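FYI, it's all coordinate maths here, none of it is from the lab. Given the structure is predicted, the values throughout are model-derived calculations rather than measurements. Ideal geometry is used to build each Cβ from the backbone, glycine not excepted, and the neighbour counts take in all protein chains shown.
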Amino acid sequence: MDLTRHRGGQVSARQRAARERQGWYLHTAVFLVAQLLLWAVDANWAYWWLTEGGVPGEHTGWLTTAGRIWLIAWVIDTLVSWSYTLWPRGR
């Protein structure tokens, strides 16, 4: 990806949006693989929430909590990354 800077060292809005999306694609891929691994070790809270309406008491360990925190970070990253595409900040 060409991130050639314009005068003054600024990256164009289109280039910034492309860079943000690229980072989001990578974060999403890693997030999905991690959620699959959490599901494999019986620690994916999203699976229980969708299928049973909540996490059973015996499955409330640190891996389950880490999965929840990562989901919050992924949602925030999604909102920020895609905001550059949906509402570009032109100069």
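From LEU86, LEU36, LEU71, grab the single residue that is surrounded by fewer than 10 Cβ atoms within 10 Å (Cβ to Cβ) and either under 15 Å from the mean Cα position of the chain (by Cα) or within 30 Å of GLN15 (Cα to Cα) (or both).
Testing whether each residue is surrounded by fewer than 10 Cβ atoms within 10 Å (Cβ to Cβ) and either under 15 Å from the mean Cα position of the chain (by Cα) or within 30 Å of GLN15 (Cα to Cα) (or both) leaves just LEU86.
How many residues are of a type in the set (Phe, Trp, Tyr) and in a loop (DSSP other than H, G, I, E, B) if we restrict to the stretch 55-86?
Matching residues across the stretch 55-86 total 0.
Return the pairs, sorted by first residue and then second, in which the second residue is among the acidic types (Asp, Glu), the first residue lies in the stretch 45-63 and is surrounded by 12 or more Cβ atoms within 10 Å (Cβ to Cβ), the beta carbons are less than 8 Å apart, and the residues are 6+ apart or on different chains.
Close Cβ pairs satisfying both conditions: HIS59/ASP42.
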